[in-house]
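Q: Before I ask anything, let me first share the structure, which is written out below as structure tokens.
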């Protein structure tokens with residue numbers, strides 16, 4: 001079984017993994033995505049859960065179902081996903097993060113310095 005966390009439904013986590021595949025180019029425009037059956041077996045989840053994740057991406061127009069062939073990344077999917085994910089971040093995540101920054105009385109200099117020296121941050 002894969003390492004899912006309880007804070008989000010599994011289909012949302014699978015959808016996010018598919019989004020990340022497209023954004024980093026592991027699944028390019030016009031390419032087939034792994035099948036529902038393959039993903040459900042790999043992650044030990046119900047195929048309906050995987051289908052729900054795919055349907056969410058079909059709804060925003062970044063993947064399409066080709067009857068008898070599977071799911072494919074649509075042309076322009078990466079650009080559309082970048083715009084969608086940025087908008088979602090700015091509307092949903094950023095207000096919470098900004099409020100926490102204010103509550104902790106952090107400033108931009110401190111945040112940038114911590115980002116550059118912490119593990120996973122940019123190297124100098």
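All of the numbers you see were taken from the coordinates with simple rules; none came from a lab. These numbers were taken from a predicted model, which means no experiment stands behind them. Cβ atoms come from the backbone with ideal geometry, glycine included; neighbour counts cover every protein chain shown.
Q: Please work out the C-alpha center-to-center distance from region 1-37 to region 40-58 and express it in whole Å.
A: 9
Q: Moving on to the next point. Quote the relative contact order of the chain in percent (integer), defining contacts as alpha-carbon pairs under 8 Å separated by 6+ residues.
A: 22
Q: Run lengths n ≥ 4 of DSSP H only: what is the helix-derived mean residue ellipticity at 222 nm for the chain, with -39500 (n - 2.57) per run over all residues, to the nearest 500?
A: Numbers: 6 runs with 67 residues, N = 124.
Computed mean residue ellipticity for the chain: -16500 deg cm²/dmol.
Q: Quick one: Debye curve from the alpha-carbon atoms of the chain only, equal weights, vacuum; give me log10 I(q)/I(0) at q = 0.09, 0.14, 0.19 Å⁻¹ to two decimals.
A: Each listed q maps to, in turn, -0.36, -0.76, -1.08.
Q: Still on this structure, I have one more. Please list 33-41, 10-18 highest first by mean number of surrounding beta-carbon atoms within 10 Å per residue.
A: In descending order of packing, they fall as 10-18, 33-41.
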